[in-house]
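The values are calculated or read from the model by the stated rules, or taken from the named source; none is laboratory data. Owing to the predicted nature of the structure, the values given are computational and were not obtained by experimental measurement. Here the Cβ positions follow ideal geometry from the backbone for every residue, glycine too, while neighbour counts run over all protein chains shown.
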Amino acid sequence: MKGRNLTVLLCAPFVLLSCDAINTLQDTLAKQQQKHIALRQDLEQALGVTAHPSWEWTNGRLTELSVSFSGKEIDFMSIADLRDATLPILAEHFKDLPEVVYLSAAFEPEEYIARDAKEVPHNPGLVINARVHFVQDDGHMSREALPVEAFVLWFPFIGGDLYGSPTTGDFIRPRVAADYSFSFDLNNALAAAKRSVKVAAWSYGQSEIKPADLKMLRVATFALNRKTVKRVAYTGWRNGETGESFVLAYFDRAGTISGSGSFKGHQTEYRLDVPSDGFYWLQYEESSTGTAVSVRTAKPENLVLTLAPLDY
């Protein structure tokens with residue numbers, strides 16, 4: 001009888017302690033899972049690629065932190081791009097970062113070998129050389145430039161329309177030099193454009209689209225804070241000498257988009273005659289009667305990307 005009582009007395013506290021330990025472990029695992037999901041979502045939203053973060057703790061210290069990225073969008077990013085966009089986000093999620101953070105990219109080699117084996121002619125007209133020009137809110141008067149290390153350029157795709165939010169994870173990331181010049185090769189973006197196009201469904205006034213299943217996208221332009229990845233300026237393509245405005249778009253075939261709408265408070269007439277698939281510059285021509293939009297088959301001269309910084 002005594003032995004039976006002794007057994008009960010010994011087991012009771014053991015069971016209680018085990019439940020507490022299990023609950024603590026479950027809470028810790030749940031918090032880690034929530035942290036993993038939040039970090040992954042922030043990385044993927046900022047970079048437009050699939051992110052796989054992982055980390056290890058030792059004696060209460062974060063001793064190892066790594067992020068593996070995957071997705072075809074990595075074609076347009078360098079390891080410096082990944083580093084500059086990733087570290088500020090990691091710093092927001094972890095109070096103290098380890099001495100070394102590991103970043104890597106995963107891809108399927110067979111896909112790239114097959115792609116490189118295809119003989120695709122290189123079009124020199126798709127190599128874009130431009131420079132950043134800082135302007136006032138009116139888009140014309142010059143103003144003091146932001147430090148080149150304070151911002152990055154990000155050109156995502158808007159499928160099916162000229163306006164709206166980016167619709168795919170594909171994008172172009174040109175690097176701005178110390179003299180504010182930059183370049184990018186649209187030959188390297190053709191595959192991404194072809195998989196990112198959507199059927200044209202313009203939110204821009206009344207339009208007639210032929211053929212009805214014509215697909216297109218706009219290459220949008222964003223200037224982002226290098227650390228916070230927040231927008232720092234309004235952007236737009238212009239001829240640096242004449243002031244003509246442009247939008248860069250891609251169409252999947254020959255077609256026509258025509259119609260009218262209101263643009264900046266003025267009536268706009270447009271007729272876009274697209275001769276074939278490919279990238280085209282849409283030119284905005286303003287006059288006393290309104291604004292006309294047309295398709296250019298050649299890239300503009302003296303191309304600048306105007307940045308009108310947001311003053312918060």
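Brief remarks on what is shown
- Of the residues VAL152, VAL229, the single one that is assigned by TED's automatic domain parsing to the domain that holds PRO300, part of a loop (DSSP other than H, G, I, E, B), under 16 Å from the mean Cα position of the chain (by Cα) and under 30 Å from GLU92 (Cβ atoms) is VAL229.
- Search result, residues across the range 127-145 that are more than 21 Å from the chain's Cα centre (by Cα) and among the aliphatic types (A, V, I, L, M): VAL135, MET141, ALA145
- Yes/no for ARG238 being closer than 28 Å to THR86 by Cβ and among the basic types (Lys, Arg): no
- Candidate set: the range 173-226, residues that are assigned to a loop (DSSP other than H, G, I, E, B) and polar (S, T, N, Q); chosen: the one surrounded by the most Cβ atoms within 10 Å (Cβ to Cβ): THR221
- If you go through the range 68-101 and keep only what is at pLDDT 85 or above, out of contact with any helix residue (DSSP H, G or I) (no Cβ under 8 Å at 6 or more places or on another chain) and outside any loop (DSSP other than H, G, I, E, B), you end up with LEU87, PRO88, ALA91.
- Summed over the range 126-153, residues that are out of contact with any Asp or Glu (no Cβ under 6 Å at 6 or more places or on another chain) and at pLDDT 90 or above total 19.
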